[in-house]
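S.K.: I have a structure here, written as structure tokens, and I will follow up with some questions on it.
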Amino acid sequence: MKMIMVEGEVSGKKYREPFSKGVLARSLTRAEMDPNKAYTFASQIESHLRGLGIQVIELDDLVKIVREQLKEEDEEIAEKYGMWKQIRKCREPLIILIGGASGVGTSSIAFEVANRLGIRNMISTDMIREVMRKIVSKELIPTIYESSYTAYRSLRIPPPPELDEVLIGFRDHVDTVSVGVDAVIERSLKEGISIVIEGVHIVPGFIREDLVAKNNVNMFVLTLQDEEVHKGRFYSRCRQLWARRPLKRYMNYFGAIRRTHKYFESQANKYHVPVIENIDVTTTIDSIIEEITKTYGK
């Protein structure tokens, strides 16, 4: 039995590789098909190709056949598979920025989006901040040694009473860490590395304009309109065995966190950044991927 070969192109150079049921099955699971069903479906595609007498097939033609067959099984999965393949076809690295106030779920959504799109690199802005703390002394930039919502406590000059000290501290904190975020984005673009960057420091208006203007750099802001739901996320987080930060701290500063939350929304609206209500994980991920496809996947 002759092996079916798939022909594709990378950087203008043609290549051939054997058709793999495992590879196809993995791409189908990224479209949320059950793993067992995905492998069975991949076997059916292989049988279909053999039935047509195909020995060599273009990758684009294979994707087309898979989508047509998927539509008969599940139109929703067919659509998600099509979006995923459309994004994967692009030659430029994909940079996804996911911001939001503490507790809205940027970490979990970033992980799921990276997994769905097959992106191996992910970093939290808290990690970037930690690196900056090792380089810059507390005496020089004290606000980054605080949490984003308590940075006001380290302001050298107290703001006038008519101004919101929480937001002034938050902006100073974000502005500093954004230098590191810019550097990570620049490096990823230069090296051609797709990456998901998430955290409270991904604030519209603070990342360099020339970077976020690129089609392959996509920014999103997550929100939770219901304050009780937002509080509930902290309770869930602190119940985890790995959690090291006490619930009491979040509750003591919950008012400050909500003020940063509103600031995120106002900045997103000002800079036309998609705002996504993060109630249901699947809906949030689908919304992000659909938005990415509109620009990067064209």
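No value in this document is a laboratory result; all are computed from the given coordinates. Remember, predicted model here, so these are calculated numbers, not experimental data. As a convention, Cβ positions derive from the backbone with ideal geometry for all residues, glycine included, and neighbour counts pool all protein chains shown.
S.K.: Regarding the range 1-120, what whole-number volume in Å³ per residue does the convex hull of its Cα atoms give?
M.R.: 115 Å³
S.K.: While we're here: Hey, if you put +1 on the Cβ of every Lys and Arg and -1 on every Asp and Glu Cβ in the chain, which of Leu140, Leu24, Thr223 ends up farthest toward the positive end of that dipole?
M.R.: Going by the Cα projections, it comes out as Leu140.
S.K.: Treat each spin label as a single point 7 Å out from the Cα along the C-beta direction, and report the Asn115 to Tyr145 distance in nm.
M.R.: Spacing of the two 7 Å Cα→Cβ label points: 3.8 nm.
S.K.: Give me the extension gain from Gln69 to Leu163: residue separation times 0.36 nm, minus the current Cα-Cα distance, reported in nm with one decimal.
M.R.: Full extension of this stretch gives 27.9 nm more.
S.K.: Ok, one more. What is the sum of charges around Ile168, taking Lys and Arg as +1, Asp and Glu as -1, for the other residues whose C-beta is under 13 Å from the C-beta of Ile168? It would help to have the intermediate numbers written out before the result.
M.R.: Working: positive: Arg153, Arg156, Arg171, Arg259; negative: Glu146, Glu162, Asp164, Glu165, Asp172, Asp175.
With Lys, Arg at +1 and Asp, Glu at -1, the net is -2.
S.K.: Sticking with this structure for a sec: Mind giving me the FRET efficiency for Leu59 and Asp126? R0 is 25 Å, r the Cβ-Cβ distance, nearest 0.05 is fine.
M.R.: Computed FRET efficiency for Leu59 and Asp126 comes out at 0.05.
S.K.: Longer than 20 Å from Cα to Cα, which of Lys89/Lys270; Lys231/Lys270; Lys85/Lys294; Lys89/Lys294 are they? Say none if no pair is.
M.R.: Lys89/Lys270; Lys231/Lys270
S.K.: Next up: Given +1 on the Cβ of Lys and Arg, -1 on the Cβ of Asp and Glu, and no further charges, what dipole in debye does the chain carry about its Cα centre, rounded to the nearest 20?
M.R.: Values: 44 positive and 42 negative charges, 207 e Å.
Here the size comes out at about 1000 debye.
S.K.: A further question on this structure: Need one number: nm distance between label points at Asp280 and Lys190, each 7 Å from Cα along Cα→Cβ, rounded to one decimal.
M.R.: With each label placed 7 Å out from Cα toward Cβ, I get 4.3 nm.
S.K.: In the chain, if the dipole is taken from +1 on Lys/Arg beta carbons and -1 on Asp/Glu beta carbons about the Cα centre, which of Ile45, Ile87, Thr125 is farthest to the positive end?
M.R.: Checked the options; the winner is Thr125.
S.K.: Please give the charge dipole size of the range 5-89, origin at the Cα centre, charges +1 on K and R Cβ atoms and -1 on D and E Cβ atoms. Round to the nearest 20 debye.
M.R.: With only Lys, Arg, Asp and Glu charged at Cβ, the dipole is about 400 debye.
S.K.: In degrees from 0 to 90, rounded to the nearest 10, what is the angle of the helix 106-117 Cα long axis to the longest principal axis of the chain?
M.R.: Roughly 20 degrees between the two axes.
S.K.: Please state the charge dipole magnitude for the range 97-223, taken about the Cα centre, from unit charges on C-beta atoms (+1 on K and R, -1 on D and E), reported in debye and rounded to the nearest 20.
M.R.: On the way: 13 positive and 16 negative charges, 80 e Å.
With only Lys, Arg, Asp and Glu charged at Cβ, the dipole is about 380 debye.
S.K.: Extending each Cα 7 Å along its Cβ direction at Lys214 and Asn252, get the distance between those two points in nm, one decimal.
M.R.: 4.2 nm
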